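S.K.: Before I ask anything, let me first share the structure, which is written out below as structure tokens.
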There are 2 protein chains.
Amino acid sequence: MTTSPRALQLSQVEILPGFWHDRLTTNRERTLPAVHAKLKATGRLDAWRREVPNDQLQRHIFWDSDTAKWIEAVGYTLTAGRDATLEAQVDEVIDWMSQIQESDGYLNSYFSIVEPDARWTNLRDRHELYCAGHLMEAAVAYSRATGKRALLDLLCRYTDHIAATFGPGPGQRRGYCGHPEVELALIKLAEATDSPHYLDLARFFVDERGRAPHYFDLEAQARGEDPRGFWAKTYHYCQAHVPVRDQKIATGHSVRAAYLYTAMAALARLTGDAALADSCRAIWTDLTAHQMYITGGVGPAHANEGFTFAYDLPNETAYGETCASIALVLWAQQMFELDGQGAYIDVLERALYNNVLAGVSAEGDHFFYANPLASYPHISPYAHWSGIHTDRHYRRSDWFGCACCPPNVARLLASVGQYLYAATDDTLFANLYGASRVHTTLGGSDVVLEQRTDYPWAGAVQLELRSAAPAAFQLALRVPGWCRRFTLAVNGAAVDAPVVAGYVRVTRTWSPGDVVTLDLAMPIERMRAHPEVRQDAHQIALQRGPVVYCVEEVDNGPRLANLALPAEAALAAGRDPGLFGGLGVITGEALRVEPAAWPGGLYQAESTLTSEARPQPFRAIPYAFWANRAPGEMRVWLAAA
Amino acid sequence: MTTSPRALQLSQVEILPGFWHDRLTTNRERTLPAVHAKLKATGRLDAWRREVPNDQLQRHIFWDSDTAKWIEAVGYTLTAGRDATLEAQVDEVIDWMSQIQESDGYLNSYFSIVEPDARWTNLRDRHELYCAGHLMEAAVAYSRATGKRALLDLLCRYTDHIAATFGPGPGQRRGYCGHPEVELALIKLAEATDSPHYLDLARFFVDERGRAPHYFDLEAQARGEDPRGFWAKTYHYCQAHVPVRDQKIATGHSVRAAYLYTAMAALARLTGDAALADSCRAIWTDLTAHQMYITGGVGPAHANEGFTFAYDLPNETAYGETCASIALVLWAQQMFELDGQGAYIDVLERALYNNVLAGVSAEGDHFFYANPLASYPHISPYAHWSGIHTDRHYRRSDWFGCACCPPNVARLLASVGQYLYAATDDTLFANLYGASRVHTTLGGSDVVLEQRTDYPWAGAVQLELRSAAPAAFQLALRVPGWCRRFTLAVNGAAVDAPVVAGYVRVTRTWSPGDVVTLDLAMPIERMRAHPEVRQDAHQIALQRGPVVYCVEEVDNGPRLANLALPAEAALAAGRDPGLFGGLGVITGEALRVEPAAWPGGLYQAESTLTSEARPQPFRAIPYAFWANRAPGEMRVWLAAA
């Protein structure tokens, strides 16, 4: 097996002023405080205080995960600079956690206080291992950033307890969580603590999943329940319908799915498990070829918060949960680390710049749970019992009863530096472009590289060696799948290198001050969807670079369904410095049917109509920034006149 | 007040061989036996047998209405010819009913046997008066057809009990049913038995609806419940949010709505209540201008089985319940009888030829509950908990747990003869065209008129006076709203008459053998929807005469979303004698994008695609007859290239 590239540590990557710097600033200054305030106000922090009785705050089975993701986000944020206030907030909670941890290591604010006898009795529904997993991730991130071991020690004790409880041995439970997450967390914990037995536990959970006799059946029977009474009707919902190596299709709840697939891909790499890798690749191909929105959203259905069937991508009712796209980013990174193909980063980039970023407001303190690709501000009075929360479809909320998304987007953005680069011993992969400085060791030499770019608004990227000594290594620059023309130069001299597996590579002994310039042509693209996607037929979406654009009523007036972009319409890419600190915009002239000429009635014979489509200027903005101004309609897919 | 036209009695209209004759034959020979077999097999008939204990068949609160609609359908069917078998089936049930009726007249198979103490305790939710109403309608239809009074007597006793129980007097309940229906039934019963106090009761129920203090609030409190716990969240659901004269918008559950509006329109006419008439007209305008599918379907949402907001007409998820279109037919007829405008019959005709007829299979023994305007045979594995029963969206079922639609479509079709003609003392209105013979009295003379036509496949209509003596009367021939050009002749001589309120009128002393010929030009129309209907933007629907067409996969292959009809596409109307006894079809050449040229992946830049839309013949069939052949996709609205 050749060495596959691994992401750099977050501490190795400085984000310099530019697109991601703006996002990180908002995340640190607005999102983290907003999430902390909500955790506090809703009782999620007090839930950890053993002395607060449950009738004062109604603890919930997955509140622990919300706190955990916030701590994880703080951890990543502290990597770029310690902050006494943030650390004090976290350390106080860790202290409460230490008081709640049971003598056997068990650590869960809900079960320990509210239902101590129900521990491990319903893995299928009650998120117990899921919460443990998020705490493990928090512990790894926080200890890595601060060097403080308290939380990591708590979690190692808890994980040792879990490892003793679950497994194939006599007296152990052969169970696994209905909501995958602990698997990928165990892999992180194993690496951070150099503890291979945590990796073994992750493998056990993954291998056991979906096997017969089915653990969820046995467990339900032990509770005196009929397993057929499972509220979600099918174990597809939690990817436990068959063993994972027999799974070839993305199915069920999309966050559960992508967390599981993330762990599967990491395990396949770490253990050289070819069958597991093949399942990962098959599911990946299914998802990206059949079940992914152009925004990188996945899981179109509200009903199961997940997947339906191939090419079913409704726009107005799209679920596209923020957490699902975040999970897709995690999975894509693991697929890249497994196979080293740039195509995985194409998907990561699509999800990150579009669906994930749409999950948080420009101001940083409001959040989308679902991310539709078309939205109408008219709300059915029955929306609250229609199964589709259309009220969430056009304005972000400051919090949710099920609050998975806000701290999840906070932790993902705080960790974005992890995704810019990857490396093997002698090769540096530039995966996502963004102004940054990277410190690493390549071919035995310490290397500092600085990247200058206005990406994603422009395709020009410069990388300059800033370390003091020459260094021999290979630079692998990703040529994104969206890019069809580029130039590459070293110190101004053109280099003609082929694109292999998504990368152009330059191998040389680099001298301080050497500059590599990659210029990715970034025209506005009229994107078409596969002819099987009935919801996008006869429509186009505008994309430039990795950014998908949308039209909003605030720029273009209402009735956006009546806009049409003729093939010959001139389109111009520009920059609006007044728009949320400076965003790319696309302007042009569209055709538009207006109701003014409509003679009345709901239906008319076309031959009696005099109304004609009229030219009208339009403006599209990045989808990720929609619903930040006056409420109104929004569409990604526009009629292709 | 001028005399408004009234529908003729069913017994006055013979349906002759032709379109409706075929439907009636199927209804009598296939649908009635199928419904009877299901009523029997599911326990709905045995539910009436007091000696059958409930644990054997699980009586249900609205089963009585299913039996009642079947009896009503039998009654209408017997009008055209007695049938000893059918009558024996009904008479047996009537006998059981007589044994179940309580000494005070109360008649309900569920409450009398299962919950005798719960009688009249939950009018909001439990359909008690609704069931009574359907039994009244059954009694009127069956006694009128057979002269047998047994059922009518049972129902008069029951209605007298209801009239004693409900009303504004001391000791009476000021309640009304959560599901309107009894109001329109009481109006029929009042007329059939010449009992004005039944009309007073109908008026009481209508007037009381939505008044404060709200009966449903008081009733819930009396049950010890919080009224805010109402499962449907809002009294809009049952059109009881405000008093009926303050209602101007079609809202809530669409069947409940249209049954209520039917009674309101009839009462407005019978009592000269101008305010009530104005509400009817306002709601009618709202519904037909903002909330009606081109198929005459109403109520787009599954969540409330009803209305959402103006111009919200999703096609694939359209609910468009069969019963709702049936109720729209009833309401349209009452609006016509109130105002005498042909435009009401335009809507009646649209609903009848499209959504209502689609509710039953060509074979007569399978039924649609929901009637979408686009359908895809891929079913989400989660459809059963998605809130949208997509499995019902492409194949009819032989029955439903909530079986309102099958017997409803049976009774509506059995009574279709009622809608062909209407009359005042001296004017005969020809409303729906169809081969038929009508016997009536006009201007004091007995008149027999015979209508010959191939409608709805052709627009030529001949009416010939077949009675023996001359007669002076006015003939008012409806010029449908879809028709923009027609010729009228009497005995071959052209007549130039204006269209007034939707009718051309010829007044003369008619001699035996006189023939009026109306020739309605019936081109294929490319229909457009109002520019506010986002779901139909850039699309057309094909309509010819009153018939809306659709394309099906069985004729046109899959991926129907990719079909586009250029404005210049030649379209031909034809007739396929092999299709369900001979249906109109529309053929032509469409453009089509096919996936064969797609280079792979879900999304591609348009500039890289070589695939072009290619011409391809297509065939559209009447929407009412879709899903009768091989399962597959269906669409009414097609892209207008």
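S.K.: Once the Cα gyration tensor of chain A is diagonalised, what are the square roots of 5 times its eigenvalues, in whole Å and ordered largest first, as equivalent ellipsoid semi-axes?
M.R.: Listed largest to smallest, the semi-axes of chain A are 39, 33, 23 Å.
S.K.: Distance from the Cα centre of segment B:488-530 to that of segment B:42-115, in angstrom?
M.R.: Cα centroid of segment B:488-530 versus Cα centroid of segment B:42-115: 46 Å apart.
S.K.: Considering only the protein assembly as shown, what is the antiparallel percent among its DSSP beta bridges, to the nearest 5?
M.R.: Looking only at bridges with both residues in the protein assembly as shown, the antiparallel portion is about 95 percent.
S.K.: Normalised by the residues of chain B, what does the relative contact order come to in percent, with Cα pairs under 8 Å and at least six apart?
M.R.: Averaging sequence separation for qualifying contacts and normalising by length gives 13 percent for chain B.
S.K.: Would you mind giving the mean number of other chain beta-carbons within 10 Å of the Cβ of each residue in A:595-604, as a whole number? Write down the numbers at each step before the final one.
M.R.: Details: counts 5, 1, 1, 5, 1, 2, 6, 18, 17, 6.
Per residue, the number of nearby Cβ atoms from other chains is 6 on average.
S.K.: Here is a follow-up. Simple spin-label model, 7 Å along Cα-to-Cβ: B:Ala468 to A:Glu29 in nm?
M.R.: Going from the B:Ala468 label point to the A:Glu29 one covers 10.1 nm.
S.K.: Inter-copy label distances at B:Ala501, 7 Å along the Cα→beta-carbon direction, one decimal in nm, shortest first?
M.R.: List, nearest first: 8.2 nm.
S.K.: Which order do the peptides B:224-237, A:552-565 take when ranked by the mean count of other beta-carbon atoms within 10 Å per residue, highest first? List each step's numbers first, then the result.
M.R.: Values: B:224-237: 14.4, A:552-565: 20.6.
Top of the packing list down: A:552-565, B:224-237.
S.K.: What translational diffusion coefficient, in µm²/s and rounded to a whole number, does the Stokes-Einstein relation yield for segment A:170-239 at 20 °C and a viscosity of 1.002 mPa s, taking the hydrodynamic radius as the Kirkwood radius over Cα pairs? All intermediate terms of the calculation are to be shown ahead of the outcome.
M.R.: Numbers: Rh = 13.3 Å.
Answer, rounded: 161 µm²/s.
S.K.: Summing +1 for each Lys or Arg and -1 for each Asp or Glu, what net charge is found among the other residues whose Cβ lies under 13 Å from the Cβ of A:Arg174?
M.R.: -1
S.K.: Can you give me the Kirkwood hydrodynamic radius for segment B:524-640, using every pair of distinct Cα atoms, in Å to one decimal?
M.R.: About 15.2 Å, per the Kirkwood formula over Cα pairs.
S.K.: Using the C-alpha atoms of segment A:421-520, what convex hull volume per residue, in cubic angstrom, is computed?
M.R.: Looking at segment A:421-520, the number lands at 85 Å³ per residue.
S.K.: Oh, and also: Treating only the Cβ atoms of Lys and Arg (+1) and Asp and Glu (-1) as charged, compute the dipole magnitude of the protein assembly as shown about its Cα centre; round to the nearest 20 debye.
M.R.: So the dipole magnitude of the protein assembly as shown works out to roughly 980 debye.
S.K.: While we're looking at this one, here's another question. Specify whether the C-alpha gyration tensor of the protein assembly as shown places it in the rounded, prolate or oblate class, a ≥ b ≥ c being the square roots of the eigenvalues: rounded for a/c under 1.5, otherwise prolate if a/b is larger than b/c and oblate if not.
M.R.: Note, shape of the protein assembly as shown comes out prolate.
S.K.: Here's a follow-up. Can you list, shortest first in nanometers, how far A:Gly601 lies from the same residue in the other copies, with each label 7 Å from Cα toward Cβ?
M.R.: With the label placed 7 Å along Cα→Cβ, A:Gly601 yields 4.6 nm.
S.K.: Let me ask another. I want to verify the translational diffusion coefficient of segment A:190-284 in µm²/s; compute it with Stokes-Einstein, Rh as the Kirkwood radius over Cα pairs, at 20 °C and 1.002 mPa s.
M.R.: 151 µm²/s
S.K.: Under 8 Å for C-alpha pairs, at least 6 residues apart: give me the relative contact order for segment B:248-419, rounded to a whole percent.
M.R.: Contact order relative to length: 22 percent.
S.K.: Distance in nm between label sites at A:Ala37 and B:Thr587, each 7 Å beyond Cα in the beta-carbon direction?
M.R.: Label at A:Ala37, label at B:Thr587, 6.9 nm between them.
S.K.: Students often check this: by mean Cβ neighbours within 10 Å, which of A:83-91, A:420-428 ranks highest, and how do the rest follow?
M.R.: A:420-428, A:83-91
S.K.: Which distances, shortest first and in nm, link B:Pro33 to the matching position in the other copies, using label points set 7 Å out along Cα to C-beta?
M.R.: Sorted ascending, the copy-to-copy spacings read 7.9 nm.
S.K.: Could you tell me how far the Cα centroid of segment A:1-35 sits from the Cα centroid of segment B:337-364, in Å?
M.R.: Here the answer is 63 Å between Cα centres.
S.K.: Please list the equivalent ellipsoid semi-axes of segment A:405-444, computed as the square roots of five times the alpha-carbon gyration tensor eigenvalues, in descending order and whole angstrom. Intermediate values should be presented prior to the final figure.
M.R.: Numbers: eigenvalues 129, 19, 13 Å².
They are 25, 10, 8 Å, listed largest first.
S.K.: For segment B:61-133, report the convex hull volume of the alpha-carbon atoms normalised per residue, in Å³, without decimals.
M.R.: 90 Å³
S.K.: Moving to a separate point now. Using the Cα centre of segment A:248-419 as origin and beta-carbon charges of +1 (Lys, Arg) and -1 (Asp, Glu), tell me which of A:Pro406, A:Val298, A:Ser361 is placed farthest towards the positive end of the dipole.
M.R.: A:Pro406
S.K.: Now, a different point. Dipole magnitude of chain B about its Cα centre, charges +1 at Lys/Arg Cβ and -1 at Asp/Glu Cβ only, in debye to the nearest 20?
M.R.: Dipole magnitude for chain B comes out near 500 debye.
S.K.: Another one. Which of the aspartates and glutamates could be linked to B:Lys38 by a straight reach, that is with a Cα gap under 13 Å, when you skip same-chain ones fewer than 8 residues away?
M.R.: B:Asp46, B:Asp66, B:Asp365, B:Asp398
S.K.: Size of the dipole of segment A:42-227 about the Cα centre, Lys and Arg at +1 and Asp and Glu at -1 on the beta carbon, nothing else charged, in debye to 20?
M.R.: Its charge dipole is roughly 240 debye.
S.K.: Averaged over its residues, how many other protein chain Cβ atoms are within 10 Å of peptide A:129-142's Cβ atoms? Walk me through the numbers on the way to the answer.
M.R.: Working: counts 0, 0, 0, 0, 0, 0, 0, 0, 0, 0, 0, 0, 0, 0.
Partner Cβ neighbours, averaged per residue: 0.
S.K.: Still on this structure, I have one more. For segment A:177-209 and segment B:416-431, what is the centre-to-centre distance using only Cα atoms, to the nearest Å?
M.R.: About 78 Å separates the Cα centre of segment A:177-209 from the one of segment B:416-431.
S.K.: How far, in nm, would the chain grow between A:Arg211 and A:Arg174 when pulled straight, counting 0.36 nm per residue and subtracting the alpha carbon separation?
M.R.: Values: separation 37, 0.36 × 37 = 13.32 nm, distance 0.98 nm.
Computed gain between A:Arg211 and A:Arg174 is 12.3 nm.
S.K.: Based on the alpha-carbon set only, what is the convex hull volume of segment A:248-419 divided per residue, in Å³?
M.R.: On the way: hull volume 18.0 nm³, N = 172.
Here the figure is 104 Å³ per residue.
S.K.: Another question, then. Cβ under 11 Å from A:Asp64's Cβ, A:Asp64 left aside: what net charge do those residues give with Lys, Arg +1 and Asp, Glu -1?
M.R.: +1
S.K.: Provide the packing ranking of B:9-18, B:458-467, B:595-604, i.e. peptides ordered by the mean count of other C-beta atoms within 10 Å per residue, highest first.
M.R.: Listed from highest to lowest mean packing, they are B:458-467, B:9-18, B:595-604.
S.K.: How many Cβ atoms of partner chains, on average, are near each residue of B:519-529 if near means within 10 Å of its Cβ?
M.R.: Mean number of neighbouring Cβ atoms from other chains: 3.
S.K.: Quantify how much of the Cα-Cα distance distribution of segment B:42-227 extends past 23 Å, in percent. Write out the running numbers ahead of the final one.
M.R.: On the way: 6998 of 17205 pairs.
Cα-Cα pairs in segment B:42-227 separated by more than 23 Å: 41 percent.
FYI, it's all coordinate maths here, none of it is from the lab. Note that the structure is a prediction, hence the values are computed from the model and not measured. Neighbour counts are summed over all protein chains in view; Cβ atoms, including those assigned to glycine, are modelled from backbone coordinates with ideal geometry.
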